[in-house]
Each structure stands twice: as C-alpha cells, then as structure tokens.
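*Asks:* Would you mind keeping the following structure in view while I ask a few things?
Values in this text are rule-based calculations from the coordinates and carry no lab data. Not measured: the values here are computed from a predicted model. Cβ coordinates were reconstructed from backbone atoms using ideal geometry, including for glycine residues, and neighbour counts include every protein chain displayed.
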Amino acid sequence: MTGAPTAAAEDFASERWRMMEEITALVRETRTEIGKRALDERVMAVMGKVPRHEFVPASQLPRAYQNRPLPIGHGQTISQPYIVALMTDLARVEPGHKVLEVGTGSGYQAAVMAHLAHAVYTIEIVEPLGLQAQQRLQKLGYDNVQVRLGDGYHGWEEHAPYDAILVTAATSHIPPPLIRQLKAGGRMVIPVGAAFMVQQLMLVEKNSDGTVSTRQILPVAFVPLTGKR
C-alpha cells in the first residue's frame, strides 16, 4: 500500500518508545545526582523524534535504540541515549541560542540539539567521521548545523560567544578557550577525568561577571578528547 509504514519503520518506532521508557526510568534512578525527577519535556520530545538508527553503522542497526553507547568506527562511539538527553537538558538551550559541540562523532547529539537551538556548530577531529556526519546531517535536513574538521579543544572562535557548549569526549581539565567562548550566563557540559577511566560529568556556568562555577553531576565514561594541547 502506498504510504504504508514499512515493517522496519514500525520496529524502530517501538524500539524508540522502549528507549524513551528506559531514559525516563534512569532519570528517576539518578534524580538525587542530577537534581530533578524528570527532564525537560522539549528534550524528551526531541529524543523521541530523532532517528538514532540513521546515526549508527549498518552492523549496529539491531542495537540502534538500546540505551547504551555503540561503536561507530575509528575508536569512537555514539553516546548512550540517557547521557545525550541529560547533557541536552543540562545545557538549557532556547530557540534563539547558538551552541558549540566539541566531538561531532556520528552527528546524533548535534541533531538532537538542532531541534532546540537556532544554530549548532560542531567540530570533529577524526576526518572520516566528520565528513560522514556532515553528509548524514545534510541528508536528514539539519540545515542549522555546521560541521568543521579540526581540534575542538580550541573551540570555534569565529562564531563565539556561545549560549551553550557540549563536549562529548573526556578531557583532564576544562579547556580555557572554551570558557572564553562561553557567553556570560551560558552553560558548558563536559566530562572531566582521566582517559579510559570513570570521569565526572561537569556543569560549568559562566556568571555575569565572567567568573565560573562548576558542579559535578554524575560519573560517566567517555572516549578521550584528542588533539594538540
């Protein structure tokens, strides 16, 4: 029948629903750490809309909506959906906001953020991944996302300052260039800690006087941020 959903599409719809239920349950379990019992309804609506199966390799399609990170090649991963949702929620992005993402990976986090922000600028140091993400995002119609190949540690000065910055790879410290490029009143969400060890997801807030306050949210495990320091 013309226009009828395919079996695959129906399967993904049900899998996406289960993923949403798992995210909701995990938020409740971690409510003490994250300081809330539920995520922003706008964030959850977007998580239920973005097709995660479009952002994983063909070999990972059967696991596309499992609530865990998945390999995407070149030693990198697509983050656990719960963590994507939590980081997005912590950023508190509004429709007019400009967002910087360090670590494009598959492009999934950028796609989620693109539904909430005015513009998303995302940087990927692994060239094949960056090119694939750029093509994927264009194909899916995310015309408010710009992808750049390069070292994200230094940010993207051309479009600064940013209302929010998301870093999707672990670093031993909060990069000073990113703090400089964060707007007063802005928020950065970043995993901080040693490579291949448990890190702490940090919320960094830039106050109106330029000072910075930080808060540990919960333990996470991200691949390390690479590049020259």
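*Asks:* Mind checking the dipole of the chain: about its Cα centre, +1 per Lys or Arg Cβ, -1 per Asp or Glu Cβ, Debye to the nearest 20?
*Replies:* Dipole size: approximately 280 debye.
*Asks:* Tell me the angle of helix 81-91 to the major Cα principal axis of the chain, expressed in degrees between 0 and 90 and rounded to the nearest ten.
*Replies:* Taking the Cα atoms of the chain, the angle to 81-91 is about 40 degrees.
*Asks:* Choose one of 202, 131, 67: the residue whose Cα lies farthest towards the positive end of the charge dipole of the chain (beta-carbon charges +1 Lys, Arg; -1 Asp, Glu; about the Cα centre).
*Replies:* About the Cα centre, the residue reaching furthest to the positive side is 202.
*Asks:* I would also like to ask the following. Can you give me the Kirkwood hydrodynamic radius for region 29-112, using every pair of distinct Cα atoms, in Å to one decimal?
*Replies:* Here the Kirkwood hydrodynamic radius works out to 13.8 Å.
*Asks:* Counting only other residues whose beta carbon sits under 14 Å from that of residue 156, what net charge do I get with K and R as +1, D and E as -1?
*Replies:* Charge balance in the 14 Å sphere: -2.
*Asks:* Which value at 222 nm does the chain reach when only helices count, each DSSP H run of 4 or more adding -39,500 (n - 2.57), with the total divided by all residues and rounded to the nearest 500 deg cm²/dmol?
*Replies:* It lands at -9000 deg cm²/dmol.
*Asks:* Another question about this same structure. Order 69-81, 110-122, 85-97 from most to least packed using the mean count of other Cβ atoms within 10 Å.
*Replies:* 110-122, 85-97, 69-81
*Asks:* Take each of the peptides 199-208, 214-223, average the number of other beta-carbon atoms within 10 Å over its residues, and list them starting from the highest.
*Replies:* Going by the mean number of other Cβ atoms within 10 Å, highest first, we get 199-208, 214-223.
*Asks:* So if I place +1 on the C-beta of Lys and Arg and -1 on the C-beta of Asp and Glu, and nothing else carries charge, what would the dipole magnitude of region 20-71 be about its Cα centre? I want it in debye, nearest 20.
*Replies:* Using only the charged Cβ atoms, the result is roughly 40 debye.
*Asks:* With a sphere of radius 13 Å drawn around the Cβ of residue 141, what net charge do the other residues whose Cβ falls strictly inside it have (Lys, Arg +1; Asp, Glu -1)?
*Replies:* Here the count lands on +1.
*Asks:* To continue, here is another question. Pop a pseudo-label 7 angstrom from the Cα along the beta-carbon direction at both residue 13 and residue 131 and give the gap in nm to one decimal.
*Replies:* Taking the simple label geometry, residue 13 and residue 131 are separated by 3.7 nm.
*Asks:* Let me ask something else about it. Show me 143-153, 31-41 ranked by packing, highest mean number of other Cβ atoms within 10 Å first. Intermediate results must be reported in sequence, preceding the final value.
*Replies:* Details: 143-153: 18.2, 31-41: 13.2.
Packing order, densest peptide first, comes out as 143-153, 31-41.
*Asks:* When we measure straight from the Cα of residue 139, which lysines land under 23 angstrom away, once same-chain ones fewer than 8 places off are left out?
*Replies:* Output for residue 139: 49, 98.
*Asks:* Can you give me the distance in nm between label points at residue 138 and residue 74, each placed 7 Å from the Cα along the Cα-to-Cβ direction?
*Replies:* Simple spin-label model gives 1.6 nm for this pair.
*Asks:* So, counting K/R as plus one and D/E as minus one, what does the shell of residues with Cβ under 14 Å around residue 26 add up to?
*Replies:* +1
*Asks:* Here's a follow-up. Report the calculated FRET efficiency for residue 94 and residue 61 (r = Cβ-Cβ distance, R0 = 22 Å), to the nearest 0.05.
*Replies:* Using R0 = 22 Å, I get an efficiency of 0.05.
*Asks:* Normalised by the number of residues in the chain, what is the relative contact order in percent for Cα pairs under 8 Å and 6+ residues apart?
*Replies:* Taking the mean separation of contacting Cα pairs over the length of the chain, I get 14 percent.
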